[in-house]
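Scroll down for the structure; my scribbles are underneath it.
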Amino acid sequence: MSQEQLVTLGLNVDHVATVRQARDGQEPNLIQATREGIQGGAKGITTHLREDRRHIQDEDVFKLKRAISVPLNLEMSIQEGIVRVACKLKPAKACFVPEKREELTTEGGLDVVREKGRIARAIDQLQTKGVIVSLFVDPVPKQIQAAYDVGTDFIELHTGCYANAKGSKQTQELRRLSKAACLAHSLGLGVNAGHGLNYENVKPIAQLPFMEELNIGHAVVSRAIFVGMKEAVREMCTLIRSACRHGR
Ligand code: PXP
């Protein structure tokens, strides 16, 4: 991708479903919130169909795919049952993530080096259905090389350590992410990023080389409580756009 192109927002709507599941009902309406996010400028919608179905449900992903005009990106584990749902759904994109039952959210990147065989098989199953595949990885060269080896189309760089770091530690994390993005690009992989990004820390990530899409959920859904989904997404898109214009 050329440096003039803008980085886009993939809006993660999982936590709209988290609020709904708190009462096991219909409110807030996931489709309506998603449509408002698209009106606000989201160029893609991301959802994580977790093995424990704690927020997004199977019927949500099928309804979402039918209801939206932008690409649906399914975050998922490589577990067989989930891969089966994804093969039936055929989202535009899928991002493989590690998953532990007890975690609050995805806690680290995939260990592609250790799980090469299983990941390669899952990638193949989805690519055969025409799905563009991404692997959620830490900014670690051997993981990126392994991601290339197993045949992924994209990597999504895990920005969690960057988001949690302060001061010079954060600068160090940014440097690691930048090097990782360059390595992935040199191997011919597309580069996305996400996790823990918010209105305060998103700009340097949007300015990383070769960045295409940022997947952001919690911060935007939290802001939406105060200003509405459309406005919360609009504000995030404005930040990303201005970061790209001034820093790439
Ligand atoms: N990208 C991936 C791969 C994720 O697992 C998540 C969390 O579901 C996100 C992005 C979004 O993270 P956050 O909700 O912290 O913005």
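Observations on the model:
- Gap separating the Cα centres of segment 1-61 and segment 179-234, nearest whole Å: 14 Å
- Summarised as an ellipsoid, segment 112-237 has semi-axes of 27, 19, 12 Å, derived from the eigenvalues of the Cα gyration tensor scaled by 5 and square-rooted, with the largest first.
- With all protein chains in place and a 1.4 Å probe, the accessible surface of the chain carries 50 percent carbon and sulfur.
- Dividing the mean sequence gap of close Cα pairs (under 8 Å, 6+ apart) by how many residues the chain holds gives a relative contact order of 21 percent.
- Segment 159-248 - accessible surface per residue (Å², probe 1.4 Å): 47 Å²
- Above-threshold pairs, the threshold being 21 Å between Cα atoms, out of LYS65/LYS88; LYS90/LYS203; LYS100/LYS179; LYS166/LYS230: LYS90/LYS203; LYS100/LYS179; LYS166/LYS230
- Shape of segment 151-220, Cα gyration tensor, a/c cut at 1.5: oblate
- Cα-based equivalent ellipsoid, segment 1-119: semi-axes from gyration tensor eigenvalues, Å: 23, 20, 14
- Loop-located GluC sites (Glu not before Pro) in segment 19-116 (DSSP state other than H, G, I, E, B) with a sparse environment of at most 14 neighbouring Cβ atoms within 10 Å: GLU51, GLU102, GLU103, GLU107.
- Placed amide H near THR8: partners under 5 Å, 5+ positions off or other chain: GLU213, LEU214
- In sequence order, calculated HN-Hα J values of segment 146-160 (Karplus, 6.51, -1.76, 1.60; Hz; x Gly/Pro): 5, 4, 5, 4, 8, x, 5, 8, 10, 10, 10, 6, 6, 9, x
- Sites matching trypsin sites (Lys or Arg not before Pro) across segment 13-70 that sit in DSSP coil, with at most 11 neighbouring C-beta atoms within 10 Å: ARG23
- Sparsely packed GluC sites (Glu not before Pro) within segment 147-231, loop by DSSP, other Cβ within 10 Å at most 14: GLU200
The values are calculated or read from the model by the stated rules, or taken from the named source; none is laboratory data. The structure presented is a predicted model; accordingly, all values stated were derived computationally and were not measured. Methodologically, a virtual Cβ is constructed for each residue, glycine included, from the backbone with ideal geometry; neighbour enumeration extends over all protein chains shown. Each accessible area value is taken on the protein alone, full model and side chains, heavy atoms only, with ligands, DNA and RNA left out. Shrake-Rupley method; radii C 1.70, N 1.55, O 1.52, S 1.80 Å.
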